[in-house]
Each structure stands twice: as C-alpha cells, then as structure tokens.
Amino acid sequence: SKLLQVDNVEKVYDSEGLPTQALAGISFDVLEGEFLGIMGPSGSGKTTLLNCIATIIKPTSGQILLEGESISAFNSKNLAAYRGNRIGYLFQDFELLDNLTGRENIMLPLSIHGESVATAEKKITEIANYLNITDVLDKFPAQMSGGQKQRVAAARSLVPEPAIILADEPTGALDTRSARTLMEKLKGINEEKGRNILMVTHDANAASFCSRILFIQDGVIFHELRYQENESRE
Ligand code: ADP
Ligand code: ADP
C-alpha cells in the first residue's frame, strides 16, 4: 500500500527576483516497506524534494500525502507528530553537535519527546549495539572517524523509531568501507525492522542497496529502475 504520495509537486525558489524551478511537477509513491533511491545530477532538485517531504520547505504547488492524508492539512499536533516520529532525517554532513558526546547527541530527539531517562538509555544501548558505536558513545564528534560520526548521526535519526527515514547522501563523506558498513545497516533496518527509507545519492554502490531507484533531472523523474529480488550486488 502507499505510505507516502508525492503528487505533482512543484517548487520555485525566488532569490532576488530570479525564479529557479527546482521541482517541476514531480509525482511518485513510496510503497510500504520500500527502500527507495533517488539519483540525479547536482541541482536536479533532490534535496528540495526531501526538504518538502520533511516539511522544512513548502511546495509552490502540488501536495504530499501520508497514508492518503495531505500533510498541508495536518493540524499542529499531527504535524509535530509527523516531524517528530514519523520521519527521521539523516544528513550527509552529520550535523552532530560538537560540544555533546555521541550519547548526548543520540539522546536529543528522545529528550525532545519527553522520553524517560531509563527508556532512553535502553533505546540508545540497543541502537548503539546494532550500529557498532558502543565504544564511541562517550566520545565527542572530533574524536570519532567519519564512519563513526555518520553512524552516530544515523542512531540519532533512528532512535525515535521513525516510519520513514529520509537520507540525503548518507555516504557522501565516507570512504568505501565505511559507506558499505552504513548501507548494510540501513538495509538491515529496512528489512528487519520494516522501516521505509527514501535515500538521495550520487553513489552507485549505495544505490545498489535500494529496491527501486528514481532518476530525476530538472525537477522531474525521467527513469525508474527496479532491482530484482536476490539480485547480486557489487
Ligand atoms: P540537488 O539536491 O539535486 O543538488 P537542489 O534541490 O539542492 O538540488 O537544488 C535544485 C535547484 O534549486 C538548483 O538549481 C539550486 O540552485 C536551486 N536552489 C536550491 N535551494 C535554493 C534556495 N534556497 N534558493 C534559491 N535556489 C535554490
Ligand atoms: P569506521 O569505518 O569503523 O567508521 P574508519 O575506517 O574511518 O572507521 O577508522 C578506523 C579507526 O580509526 C576508527 O575506529 C577510529 O578509532 C580511528 N579513526 C579514524 N579517523 C579518526 C579520526 N578522525 N579521529 C579519531 N579516530 C579516528
């Protein structure tokens, strides 16, 4: 069934009177359980698309629906719930707070939701085990490798258990080995925990973990690729 529908979404930025059409009426569905990839050249509208879905920016026209309901029609309570625990955003440049430890960074979204300390500790222990970051929980970001920082950032996005993970170039700053480790973990979260992932990437190796890939150019989809079940990667 359709979890998320992007329906004829258009986004025109107006910077100092110069309009830029970043999305030109893009439409697609994200089906329950999918690991969907979005590939396209720089400037094709990928980040704009994720930001519209994350409600960081508003489409100029068109709409985005969650389980058939337009998110633009959500009341403030539903919008807060959508932002807080239906979607999780994972950025390329980590966006970790440098003056907080790994544990404190991961704790942030849980504190915002008013989770009890005991429950938060339990969730952090579990996700840290899964992502192999237990030994860096008490380190600061400057003391971690790139791969470790990205996995701490992934833990922070995943710990509120969002239904949909929006990932913007999650392997963009990683070496090949760290990128592969992260992708295997994301794939595991998709398959074992049934989380949807919508990932924007330039990285063909990362994209090979997706079940379906949409190629976008100039703000529209021009090609779609579906991976067969059990198709070998490499
Ligand atoms: P991608 O993520 O595929 O690189 P973006 O969504 O970042 O693409 O950008 C799509 C287009 O919109 C580009 O032409 C970009 O320059 C333009 N753009 C993105 N953000 C803004 C903004 N805040 N103001 C004006 N133009 C923007
Ligand atoms: P991984 O792929 O496990 O994320 P890397 O291959 O990037 O890690 O690094 C391997 C090890 O080297 C890490 O476990 C880490 O302890 C150390 N390391 C690498 N880069 C850094 C860094 N910038 N600061 C501190 N330690 C680092």
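What tally of residues in region 12-50 results from selecting those that are charged (D, E, K, R), near ligand 1 (Cβ under 8 Å from one of its atoms) and either part of a strand (DSSP E or B) or touching a Cys at 6+ places or on another chain (Cβ under 8 Å) (or both)? Give the derivation first.
Residues of region 12-50 that are charged (D, E, K, R), as a first pass: 14, 16, 29, 32, 34, 46.
Filter again for near ligand 1 (Cβ under 8 Å from one of its atoms), leaving 14, 46.
This time we only want the ones that are either part of a strand (DSSP E or B) or touching a Cys at 6+ places or on another chain (Cβ under 8 Å) (or both), so: 14.
Number satisfying all stated conditions: 1.
Which is part of a loop (DSSP other than H, G, I, E, B) and more than 16 Å from ligand 1 (Cβ to nearest atom), of L65, L100, L108?
Every option except L100 fails the conditions.
Scan region 149-178 residue by residue and report those that are within 13 Å of ligand 2 (Cβ to nearest atom) and over 23 Å from R86 (Cβ atoms).
Answer for region 149-178, where residues must be within 13 Å of ligand 2 (Cβ to nearest atom) and over 23 Å from R86 (Cβ atoms): K149, T171, A173, L174, D175, T176, R177, S178.
Among the listed residues V136, V152, identify the single one that is hydrophobic (A, V, I, L, M, F, W, C), within 22 Å of I197 (Cα to Cα), touching a residue at least 12 places away in the same chain (Cβ under 8 Å) and buried (at least 18 other Cβ atoms within 10 Å of the Cβ). Show your work before the answer.
Details: V136 fails: within 22 Å of I197 (Cα to Cα).
So the residue among V136, V152 that is hydrophobic (A, V, I, L, M, F, W, C), within 22 Å of I197 (Cα to Cα), touching a residue at least 12 places away in the same chain (Cβ under 8 Å) and buried (at least 18 other Cβ atoms within 10 Å of the Cβ) is V152.
Any chance region 68-84 includes a residue that's touching a strand residue (DSSP E or B) at 6+ places or on another chain (Cβ under 8 Å) and either among the basic types (K, R) or within 16 Å of ligand 2 (Cβ to nearest atom) (or both)?
For region 68-84, residues touching a strand residue (DSSP E or B) at 6+ places or on another chain (Cβ under 8 Å) and either among the basic types (K, R) or within 16 Å of ligand 2 (Cβ to nearest atom) (or both): absent.
Find the residue count for region 65-89, including only residues that are on the phi < 0 side of the Ramachandran plot, in contact (Cβ under 8 Å) with a residue 40 or more places away in the chain and more than 16 Å from the chain's Cα centre (by Cα). Break it down into steps so the answer makes sense when it comes.
Step one: of region 65-89, the residues on the phi < 0 side of the Ramachandran plot are 65-66, 69-89.
This time we only want the ones that are in contact (Cβ under 8 Å) with a residue 40 or more places away in the chain, so: 65-66, 84-89.
Next, only the ones that are more than 16 Å from the chain's Cα centre (by Cα) stay: 65.
Qualifying residue count for the region: 1.
Tell me the residue from L96, L110 that is under 23 Å from D138 (Cα atoms), crowded, with 18+ Cβ neighbours inside 10 Å and touching a residue at least 60 places away in the same chain (Cβ under 8 Å), please. Show your work before the answer.
On the way: L110 fails: touching a residue at least 60 places away in the same chain (Cβ under 8 Å).
Just a single option satisfies the conditions, and that option is L96.
So N85 passes all but one of these: (1) outside any strand (DSSP E or B); (2) surrounded by 21 or more Cβ atoms within 10 Å (Cβ to Cβ); (3) at pLDDT below 95. Which condition number does it fail?
Tallying (1) outside any strand (DSSP E or B); (2) surrounded by 21 or more Cβ atoms within 10 Å (Cβ to Cβ); (3) at pLDDT below 95, N85 fails exactly one: (2).
For region 13-24, does any single residue satisfy the condition of being out of contact with any helix residue (DSSP H, G or I) (no Cβ under 8 Å at 6 or more places or on another chain) and among the β-branched types (V, I, T)?
Within region 13-24 (the criterion being out of contact with any helix residue (DSSP H, G or I) (no Cβ under 8 Å at 6 or more places or on another chain) and among the β-branched types (V, I, T)), the answer is yes, since at least one residue qualifies.
Return the residues of region 97-148 that are small (G, A, S) and within 14 Å of ligand 2 (Cβ to nearest atom); say none if nothing qualifies.
Step one: of region 97-148, the residues small (G, A, S) are 102, 111, 114, 116, 118, 120, 128, 142, 145-147.
Listed by number, the residues that qualify are G102, A128, A142, S145, G146, G147.
The values are calculated or read from the model by the stated rules, or taken from the named source; none is laboratory data. Computed from a predicted structure; not experimentally measured. Virtual Cβ from ideal backbone geometry, glycine too; neighbours counted across all protein chains shown.
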